[in-house]
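Novice: Before I ask anything, let me first share the structure, which is written out below as C-alpha cells.
The values are calculated or read from the model by the stated rules, or taken from the named source; none is laboratory data. Given the structure is predicted, the values throughout are model-derived calculations rather than measurements. Please note: Cβ atoms are built from the backbone with ideal geometry, for glycine as well, and neighbour counts cover all protein chains shown.
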Amino acid sequence: MRVGDADRERTIEHLKYAYGEGRLNADEFEERVASALKGRTRADLEALLDDLLMPMPGPPPLPMPRGMVGPPMPPPWWINRPVVGRRSPGESPAHERGWSAAAHWSGFCAPVLGPFVIRRTVGRRSQFVRDNARAALNYQLTCVLSFVIAPILALMGDEVGGLLIGAMYATIAVFALIGGARAIGGDVMRYPVSLRMVK
C-alpha cells in the first residue's frame, strides 16, 4: 500500500522519539529520516521502525483519504532533531545550547579550529554539543575546500565571477547563522551541503 506525506511525518516523529531515548545514534537517525522521506510504501516505513520501541502501542497509521493533501514537507536538512538527554550532572540545557551555537558561529573567527576544540572539550560531556560541533566542523571543512573554486570563478570576469564569489560567501555565512540559531532552539543543524569527513 502506498503512503503519503502524513504517514512519512508520523514515521519521522517515531524516529525522533527513538533518537531522544538513545535508541538511535545521530548517523542512524539521519539515514532513517532520509529513507522515510523517500519511502513509497507502508513496508518501506515499517522497516525503519521494526527494531525500535514505540512511545505507545497502537494500530498502524491510516493513509490519508484520496484527494486530501498533507502539509508541505520541509527539505530533509531542515528536519529538527531532539536534544539527547545524556549530559554530565553539571550541564544545563542552556549551557549546552550556548556551546553548540558557538561551534557553528566560530566559523566567523576560528573556522575549523573552533568546532574542533568544542567537540574535544565540552563535547565529551554532552552528546548534543558533540553532534552540533561535528555538524559545524564538517560544514566548515567543506567550506574551506570550496574556497579553491574561488580563483576559478574569478577567471569568469569581474562582474560574473565577483557576483558568484559574493553569493558563495553570503550563503556560507547565512547557513552558519542558521546553524547557531537552531542550536539555541534545541536542534542539530543538518547542512544541505556538507561532506561527512568527521564521524
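Novice: Among A102, A94, A110, which is the only one that is modelled with pLDDT of 85 or more and either farther than 13 Å from R182 by Cβ or of a type in the set (S, T, N, Q) (or both)? Before the answer, list the steps.
Specialist: Values: A94 fails: modelled with pLDDT of 85 or more; A110 fails: modelled with pLDDT of 85 or more.
None of the others qualify; the one that does is A102.
Novice: Out of all the residues in region 113-128, is one or more among the polar types (S, T, N, Q), surrounded by fewer than 24 Cβ atoms within 10 Å (Cβ to Cβ) and free of Cβ contacts under 8 Å to residues at least 24 places away in the same chain?
Specialist: Yes, region 113-128 contains at least one residue that is among the polar types (S, T, N, Q), surrounded by fewer than 24 Cβ atoms within 10 Å (Cβ to Cβ) and free of Cβ contacts under 8 Å to residues at least 24 places away in the same chain.
Novice: Now for a different question. Could you check region 110-132 and list, in sequence order, the residues that are touching a Ser or Thr at 6+ places or on another chain (Cβ under 7 Å) and closer than 20 Å to V174 by Cα?
Specialist: G114, P115, N132
Novice: Return a yes/no flag: does region 78-91 have any residue that is under 25 Å from S194 (Cα atoms), at pLDDT 85 or above and surrounded by 18 or more Cβ atoms within 10 Å (Cβ to Cβ). Steps first, answer last, please.
Specialist: Within region 78-91, the first condition is being under 25 Å from S194 (Cα atoms), and the residues that meet it are 78-84.
The next check asks that each one be at pLDDT 85 or above; those that pass are none.
No, region 78-91 contains no residue that is under 25 Å from S194 (Cα atoms), at pLDDT 85 or above and surrounded by 18 or more Cβ atoms within 10 Å (Cβ to Cβ).
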